[in-house]
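Written out below as structure tokens is the structure these notes cover.
The values are calculated or read from the model by the stated rules, or taken from the named source; none is laboratory data. Since this is a predicted model, take the numbers as computed values, not measurements. Quick reminder, even Gly has a Cβ in these numbers, built from the backbone with ideal geometry, and neighbours come from all protein chains shown.
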Amino acid sequence: MKSQHIDLARLGWDEWFEEREKCGPADTVARVAAVDRDLLLLMDQTGTFRAKLAGSYLYRHHLSQELPCVGDWVGVEKQPTDDFGLVHTLFERRTALRRKSAGDSVEYQMIAANVDYVIVVQSCHYDFNLKRLERYLVMVRDGGADPCVLLTKTDLVEPEVLASQLAEIRAAGVTAPVLTLSNVTREGIDDLKRTLLPAKTFCFVGSSGVGKSTIINTLLGREMLQTKGVSATGEGRHTTVRRELIVLEGGALVIDNPGMREFGILGAENGIGGSFSDIIGFASGCRYMNCNHTGEPGCAVLEAVHSGTLSQEHYDNYIKLREESEFSQMSHVEKRKKDRDFGRYLKSAKKDLENE
């Protein structure tokens, strides 16, 4: 690693990024800590500072996923005496947490980049939802990060309810680590702290009110992130309005996120294979290699469902997410084809005008 980048290691910089760095001669390396509309909050070995995207970069990049997001590494032009920088380069992303954009769009929204671990947070009280959990795990794995499940507000449910939820998760074939925590009794806080490794980036995701900001404040030891009191049901109220990268005292980097109840699936074949490893395992025993597990003779997956080895709900969610992923992938391919066809039409029309 270059000597000028050694101090960036505590922010997650390593040889992987070093090999792919393409900074201009006047640029230095920084990491995106937050995005506020047209302004970026960056951090480097000297601290944090503001920056904006260079006009030349905006001219070449129009899609939202081509713009820097929290966790990205960028090349920025900034003099030592300046308190404001100009971003010229976005480095290749090692991992990407993303979701389908709202509506009928086939594009996607970046949630965070270069995340090592994604901690999927659900409340044991009212938020626990196995299907939504499986959806999160699919997209985490498809983006290249490692997932971890965190069940919060354990003080609001009886021990047997928590035990039942943990059994549900394991019965669904979830192999990711599962932690439990109460911000009231602080039970589980130490286990979470041991999970947060120095110079690694952890992104907290989940619905509004499950306690993500409260957890990070506890880890920080101070009220840095705004929170609100719980409702009459014991659930928190949504307060996080932006994603932000924060360095903990122990050296781990954490990203808080606004609540996300919906998490649209993109083409995520790899993520589905990793999250439904139990079903993929049964599929190896199917009579046909190209079995779709929806009615073919000799389907080992359907046999496992009929025998009760696999739950019907778990199987139904697998089929739903697979179909959603395939539809998204097909829509994206079709859109790209239409864009190419339209581009050829414009070139042809321009050529005809020039020949007149």
If you go through 30, 34, 51, the only one that is surrounded by 18 or more Cβ atoms within 10 Å (Cβ to Cβ) and under 16 Å from the mean Cα position of the chain (by Cα) is 34
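Could you count how many residues in the stretch 104-163 are among the hydroxyl-bearing types (Ser, Thr, Tyr) and without any contact (Cβ under 8 Å) to a residue 24 or more places away in the chain?
Filtering the stretch 104-163 down to residues among the hydroxyl-bearing types (Ser, Thr, Tyr) leaves 105, 108, 117, 123, 126, 136, 152, 154.
Filter again for without any contact (Cβ under 8 Å) to a residue 24 or more places away in the chain, leaving 105.
Total meeting the criteria: 1.
Any idea which of 201, 175, 180 is in contact (Cβ under 8 Å) with a residue 60 or more places away in the chain and out of contact with any Asp or Glu (no Cβ under 6 Å at 6 or more places or on another chain)? Give the steps one after another, and end with the answer.
On the way: 201 fails: out of contact with any Asp or Glu (no Cβ under 6 Å at 6 or more places or on another chain); 180 fails: in contact (Cβ under 8 Å) with a residue 60 or more places away in the chain.
Only one candidate qualifies: 175.
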Matching residues in the stretch 65-79 (touching a residue at least 12 places away in the same chain (Cβ under 8 Å) and part of a loop (DSSP other than H, G, I, E, B)) number 7
Inset, instruction - Return yes or no: is residue 108 touching a strand residue (DSSP E or B) at 6+ places or on another chain (Cβ under 6 Å), modelled with pLDDT under 90 and not assigned by TED's automatic domain parsing to the domain that holds residue 308? - result: yes
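Among the residues in the stretch 65-79, are any in the same structural domain as residue 200 (by TED's automatic domain parsing), over 16 Å from residue 245 (Cα atoms) and hydrophobic (A, V, I, L, M, F, W, C)? Working first, answer last.
Applying the first criterion (in the same structural domain as residue 200 (by TED's automatic domain parsing)) to the stretch 65-79 yields none.
So far as the stretch 65-79 goes, no, none of its residues is in the same structural domain as residue 200 (by TED's automatic domain parsing), over 16 Å from residue 245 (Cα atoms) and hydrophobic (A, V, I, L, M, F, W, C).
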